[in-house]
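Only one structure is covered here, and it is reproduced in the block below.
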Amino acid sequence: MCAQICVSIRESSSEKAAESAARAAEWADLVEIRADFIHDLDLDLLLRAKRKPVIFTLRSREEGGAYVGSERQRLETILQAASCGADYVDVEFSAFWRVILQGVPHERVIVSSHDFEKTPPDLDALMDAMAASGAGILKIAVQARRLADNLRIVDLLKRARQRDLKLCALAMGPEGLPSRILGVSWGSWVTFAALPGGESTADGQLPADVLARQYRARENNRETLLYGVLGKPLAHSLSPRIHNAAFAARGTNAVFIPLEAADFDDFLRFHESVALQGVAVTLPYKGEAHAIAHSVSVAAEQTGAVNTLILRKSGWHGENTDVEGFLRPLKRRAHPGKMRAVVLGAGGAARAVIYALRAEGADVCIVARDRGKARDLAEKFQAEHAAWDRLESLRWDLLVNATPIGMLPETDRSPVPASWLTGEWVYDLVYNPAETRLLKEAGRAGRKTISGSEMFLGQAWKQQCLWCGSPPPEDVMEAALKAALTTTNLETSNK
Ligand code: NAP
């Protein structure tokens, strides 16, 4: 069989594991039962009513598992599981695997190796040694420390294909996510996922619904166009949700993946082998993206930051879509050129906002806790600057919060006391939550408000236009963003 998504079940009792295995059938081609987490192991109960082929795994502590009994008992239980109906049994290459191969048909034995520290240098030699065991399936899981570690998985899978070996290879951790999402398209026998709503069994394991629907792990193939978000850390990035929704609605064979690079060179190395068509760049790589771009737009040049890379024949072209993303919702409602604006903050986002407002002809005053940064920006963009304690006395038509104050999880904070909100418009760049304390208080004071979620959507919409040459369905992206914000808010409030 050609398996693809294997949902790994981690439960403390046989009954719960059997229930979860039944639920997993909705997304799984295979189900792995991690029996080492079960305290009342009942093989009959676990395997009797299986709805999908089962891998039985009783992982030893040495290889990251939770099994506490004797090694002899462990191997005996694995043999028993094979005779009770487990379709596949897993045994570590570091264990006495010969016993298992003597008792179970070889095509049903997975010999596995895990390295939780690193991606070791000689994976080929390891695979060759494991293949010599005669097991039907090999599994090699390593810890990624860099994005480039995924390339070792690509090469290994290529060699396995040449030798006609059934190999499941993956890199764990956030840097290894490409190997989990694209693994099957690179030739991996299977990619592992967690039960949606359940606990994962390994670092970086994605829920099966996310892997199957959002990242289309089954459909990806060699023709799939690759896009991604580059940054570090990326755990809370919402970009994959909205860009994958846009690609799906367009019907394009494309996927947008997280690219958590150790440094910028790491990203460049990854791209040399796994060609990306376009990249959304976030902290801390916007400056380096600007530096390596073969050409940049005026907005990117003026802000010194590239948040979007587009692959052209001549090399990377750099854009800053925060500028248009910021202006789009504002210009739909008002004429920024006639405004007097106060911008709070002097970081990367503030730069894009100040450039955008000045380009429209607005008067801008920058208020930042670091007076030196505010002064430098004011000089560059012919704006004014003022100390934070003068904020109360400043007159404005538009107040823009370009600081992270009010962002999840500190949602009870606001950069400005409610009584100082005396102008017409308040625009908060913070998009998570979509309605910050600042915006709530501004609304109550009768001010007109714009949420950072509209800017986030606007800049992503522009990225899609640049990558695909045509506008994406905005309503689909908006719905995906709304759903993503609801999920992250729920996750945070449940913590
Ligand atoms: P950044 O480069 O780190 O700049 C943050 C700015 O806020 C700096 O000027 C920093 O001052 C200031 N700041 C931080 N904490 C502060 C505090 N407690 N009091 C006063 N000032 C404070 O970050 P960024 O990229 O500009 O992002 C800023 C915010 O905009 C973030 O919440 C980000 O999520 C949001 N954003 C939204 C969008 C969107 O599409 N809606 C796009 C980009 C950014 P120091 O320099 O003194 O540290």
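Taking the 1.4 Å solvent-accessible surface of region 199-336 as the whole, the part contributed by carbon and sulfur is 49%. By accessible area, using a 1.4 Å probe on protein heavy atoms only, region 16-112 has 49% of its surface on carbon and sulfur. Can you tell which of Ser179, Val255, Trp425 lies farthest toward the positive end of the dipole of the chain, using +1 and -1 charges on the Cβ of basic and acidic side chains (Lys, Arg; Asp, Glu)? Going by the charge dipole, the pick is Trp425. Legend: residues Cys6, Cys465, sorted from most to least accessible area (1.4 Å probe; ligands, DNA and RNA excluded), read Cys465, Cys6.
Local charge sum around Tyr355 (other residues, Cβ-Cβ under 12 Å, Lys/Arg +1, Asp/Glu -1)? Spelling it out: positives minus negatives among the neighbours equals -1. Each residue of region 469-476 was assigned a 3J(HN,Hα) from its phi angle through the Karplus expression (A = 6.51, B = -1.76, C = 1.60, θ = phi - 60°), giving x, 8, x, x, x, 5, 5, 5 Hz with x at Gly and Pro.
Considering only Val274, Pro105, Ala86, the residue lying farthest towards the positive end of the dipole of the chain is Val274, judged by Cα position with unit charges set on Cβ. Here r is the Cβ-Cβ distance between Ala334 and Thr486 and R0 is 25 Å; the resulting FRET efficiency, rounded to 0.05, is 0.30. Charges were assigned to the Cβ only: +1 to each Lys and Arg, -1 to each Asp and Glu. The resulting dipole of the chain about its Cα centre is roughly 1120 debye.
By the Cα gyration tensor, the chain has an equivalent ellipsoid whose semi-axes, rounded to whole angstrom, run 50, 24, 18 from largest to smallest. Each stretch of four or more DSSP H residues adds -39500 (n - 2.57); spread over every residue of the chain, this sum gives -11000 deg cm²/dmol at 222 nm.
Per-atom-type breakdown for region 371-495 gives carbon and sulfur 49% of the accessible area (1.4 Å probe, protein chains only). What do you get for trypsin sites (Lys or Arg not before Pro) in region 359-468 restricted to DSSP loop and a cutoff of at most 11 other Cβ within 10 Å of the site's Cβ? Counting only loop positions with at most 11 other Cβ atoms within 10 Å, the trypsin sites (Lys or Arg not before Pro) in region 359-468 are Arg395.
If R0 is taken as 35 Å, the Cβ-Cβ distance between Asp370 and Ser295 corresponds to a FRET efficiency of 0.65. Solvent-accessible surface of the chain, taken per residue with a 1.4 Å probe and all protein chains present: 43 Å².
Listed by chain and number, the lysines whose C-alpha is less than 26 Å from the C-alpha of Lys50, apart from same-chain residues fewer than 8 away, are Lys16, Lys139, Lys166.
Just so you know, the Rg over Rh for region 1-155 is 0.96, from Cα atoms, with Rh as the Kirkwood radius. Only Lys, Arg, Asp and Glu carry charge here, each on its Cβ (+1 for the first two, -1 for the last two); on that basis region 255-336 has a dipole of about 580 debye about its Cα centre. Would you kindly give the portion of the calculated P(r) for region 27-103 that falls above 22 Å, as a percent of all Cα pairs? Considering region 27-103, 17 percent of its Cα-Cα pairs are separated by more than 22 Å.
Computed from the Cβ-Cβ distance with R0 of 45 Å, the FRET efficiency linking Ala129 to Ala249 stands at 0.45. Annotation for Lys313 and Leu45: the two label points, set 7 Å from Cα along the Cα-Cβ direction, are 6.6 nm apart. The charge dipole of region 310-381, taken about the Cα centre with unit charges on the Cβ atoms of Lys, Arg (+1) and Asp, Glu (-1), comes to about 140 debye, rounded to the nearest 20. The gain in end-to-end length when the Glu219 to Glu410 segment is fully stretched comes to 64.8 nm, 0.36 nm per residue minus the alpha carbon separation.
Taking the DSSP beta bridges with both ends in the chain, the antiparallel portion is around 10 percent.
The values are calculated or read from the model by the stated rules, or taken from the named source; none is laboratory data. If you're wondering where the values come from, they're calculated on a predicted model, not measured in any experiment. Cβ coordinates were reconstructed from backbone atoms using ideal geometry, including for glycine residues, and neighbour counts include every protein chain displayed. When the accessible area is computed, the model is the full protein with side chains, heavy atoms only, and any ligands, DNA or RNA have been set aside. Shrake-Rupley method; radii C 1.70, N 1.55, O 1.52, S 1.80 Å.
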